[in-house]
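Rule-based calculations on the coordinates, nothing more; no lab input. Just so we're clear, the structure is a prediction, and the values are computed from it rather than from any experiment. Glycine gets a Cβ as well: all are built from the backbone with ideal geometry, and neighbour counts include every protein chain shown.
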Amino acid sequence: MNLRRHVVLLVLTAAVLPIVVGVLAVHFASPPEDSGEQDEQLARATAWLLTRELTGTMHSFRLGKELFDLPSLSPEETIGVLRLLYKQEEDLDVVALLDGENQAVVEPVFLRTEQIKAGTETAGRLPVNETDMGQFLGFVPIEAAREGGRAFSDAYINQRKNVAMIAGALVVPAGDGRKPWILAFERSLRKVHRMVSAGMVGPEFTMFVVDGGGRIVMHPDGDRFLKRELVDSHPAVAAFLRGNRQGKARWMDEAGESQVAAFQQLDFMDWAVVVQRQLLPLLSLGWRLPLWVWAAWMLVALVILASVLWLERGVKRMLSQMQDLRDDAELRASELKRIQASVLESGKLSAIGDLGAGVAHEFNNPVGGILGLTQLLLRKKPEDDPDRRFLERIEEEAKRCKGITDNLLRFSEQQSFEHREPMRLERVVGLAADLMTQKLRSQRIQIERNFGSDTPRVMGNEGQLQRAVINVLLNAETAMMPDGGQLTLCTERNGRWAVIRVKDTGRGIHRENIDRVFEPFFTTKDNWKGAGLGLSEVYQIVKEHGGEVSVHSTEGQGTEVVFRLPPDVKSRAGKSTAAIPLA
């Protein structure tokens with residue numbers, strides 16, 4: 001499948017299928033049940049549980065008052081009854097009996113620090129100190145209890161224990177016309193707080209309790225209930241403070257989220273349970289999707305994912321093929337460029353050779369005549385003849401012209417040498433260096449030889465290759481004059497090549513001239529000492545040997561000439577000797 005079909009399939013899957021599933025979902029979805037009614041039911045149930053929990057404590061103390069005639073008991077018996085009531089619930093912190101003057105009839109029952117030990121009596125309880133006792137006595141609703149028979153105080157916070165507390169009071173008749181006594185107790189709201197926290201059925205739910213003044217009594221956020229935060233501006237709390245026992249409210253908060261809350265007042269005291277919930281976006285639109293819709297959407301997502309992976313695989317395969325084509329095109333372009341350069345170079349050499357041959361032939365005859373006549377005159381002149389010095393100079397210049405024409409003729413012939421034999425490169429380089437040693441030392445040039453032991457033999461003409469090395473050595477000598485330097489000669493194996501390296505520390509070649517060093521008649525020497533055919537001849541000899549020659553130079557640091565020659569087939573242990581292209 002081609003790329004266009006992949007894209008079409010992906011578009012159909014990503015656009016058409018979700019639209020179809022969405023239309024079916026809207027068509028078959030049914031309006032949800034009234035979630036506000038569920039919130040009201042939760043608020044009523046929680047209010048009933050809190051009423052049962054708190055009135056249960058009051059009921060236990062009422063039974064104790066009826067079972068025991070506390071005013072008629074001895075102090076020891078009275079303390080025993082208070083201890084019995086104290087053990088009824090682990091949330092009780094203090095139990096006390098006050099007379100008509102609001103003074104303790106016996107010592108209140110509570111847990112002291114020195115009494116803490118492992119056991120059922122102290123399990124889950126916190127010790128009470130003098131500060132805690134003073135706070136409790138200050139909150140006991142004595143007057144409210146004398147008027148109504150029983151009463152609970154407002155919730156208050158024990159800062160030392162970081163827990164909300166409540167105090168209760170129950171009237172105990174004293175008889176004989178005496179002022180009634182008060183059976184008082186203090187209990188924590190830890191258990192009640194756990195009940196409220198357990199009523200939150202989801203992360204979007206918040207349940208809390210407020211008193212008749214609009215202050216938080218219990219809240220999942222501990223900081224808010226420990227500070228008894230005032231929340232009278234809350235819509236549901238505001239409705240409760242206006243005298244409604246139950247109800248619900250809906251509004252938008254500061255973040256723009258839709259909120260709904262239901263509240264229910266407790267039966268025995270002026271507290272209210274508030275259940276608040278954030279409306280989810282889907283539910284706020286009034287739709288509830290059935291299970292099959294979610295399954296269809298999951299199937300659509302999987303199909304889209306499979307299409308994307310399929311498309312990605314096809315694109316990667318196509319990109320890989322394109323990269324292979326690009327690499328092949330670059331390789332072919334490089335090969336074509338190399339062939340074009342070789343053809344161009346060969347054409348230039350051929351044209352220059354033809355020109356040089358013609359010039360050399362025409363020039364060689366008169367030069368030979370001048371040289372012969374000069375030598376004849378020298379024989380007739382005595383040693384002290386003043387003209388002899390000029391004749392010797394003419395002879396020297398004629399010989400120089402003769403050498404130039406001979407080089408032109410050799411270059412123009414470009415004939416392959418017939419005699420070839422296996423030879424060692426270290427021998428060829430060594431003999432060339434020996435011939436040049438005295439000349440190089442006279443110019444203060446030190447020679448270093450590094451001949452590799454694994455350099456393979458090559459097939460060729462030893463004299464021609466030695467001549468190429470000597471030409472390079474002559475160029476190195478000129479580059480290092482007059483200060484001298486270091487000349488390094490190396491032979492080595494480098495992959496499929498047998499390599500000769502000639503490196504000098506001379507003045508180097510300018511970057512612009514590197515590409516022209518093999519051109520005939522091109523020279524970088526300061527004064528004319530040759531015809532500029534040395535490296536051209538080197539290039540021709542190495543080419544005849546099936547190899548490559550390259551020049552690497554940094555101006556001011558030196559030059560390195562590298563010969564790469566194919567090893568002899570016998571020395572390569574039968575490996576193929578395919579034609580090696582020139583660089």
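Computed quantities for the displayed model
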read-out	value
Shape call, the stretch 38-139: gyration tensor on alpha carbons, a/c limit 1.5	prolate
Backbone HN-Hα couplings from phi across the stretch 182-194 [Karplus 6.51/-1.76/1.60, Hz, Gly and Pro as x]	10, 8, 10, 8, 10, 9, 7, 9, 4, 5, 5, 4, 5
Inter-site label distance for E114 and F205 at 7 Å from Cα along Cβ, in nm	4.8
Residue exposure sequence - F136, F185, F363, F390 - by fewest surrounding Cβ within 10 Å	F390, F363, F136, F185
Antiparallel DSSP beta bridges within the stretch 417-565, as percent of all bridges there, nearest 5	75
Shape category assigned to the stretch 417-565 from the gyration tensor of Cα positions, a/c cut at 1.5	prolate
Cβ-Cβ FRET estimate between N129 and A238, R0 fixed at 51 Å, reported to 0.05	0.85
Amide H contacts of N244 (H built 1.01 Å from N, under 5 Å, at least 5 apart or other chain)	none
For V458, distant residues with modelled amide H under 5 Å away	M423, L425, D568
Karplus 3J(HN,Hα) series, Hz, for the stretch 463-468 with 6.51 cos²θ - 1.76 cosθ + 1.60 (x for Gly, Pro)	x, 5, 5, 5, 5, 5
Straight-distance crosslink candidates among aspartates and glutamates, where the alpha carbon sits under 13 Å from K503 and sequence neighbours closer than 8 are dropped	E448, E477, E560
Extension gain (nm, one decimal) between Q88 and S320, 0.36 nm per residue minus Cα-Cα	75.4 nm
Full-stretch length increase - Q486, Q159 - with 0.36 nm per residue and alpha-carbon distance subtracted	108.5 nm
Value of relative contact order over the stretch 417-565, rounded to a whole percent, pairs C-alpha under 8 Å and six or more apart	24
The stretch 207-265: C-alpha gyration tensor shape, a/c 1.5 cut-off, then a/b vs b/c	oblate
Residue order, fewest to most surrounding Cβ atoms within 10 angstrom, among D93, D434	D434, D93
Amide proton proximity set for V172, modelled H, under 5 Å, gap of 5+	W181, I182, L183
Sorted by Cβ neighbour density within 10 Å, fewest at the top, the residues E186, E147, E204	E147, E204, E186
³J(HN,Hα) computed for each position of the stretch 427-443 - Karplus, 6.51 cos²θ - 1.76 cosθ + 1.60, integer Hz, glycine/proline x	5, 4, 5, x, 5, 5, 5, 4, 5, 9, 4, 4, 5, 5, 5, 5, 9
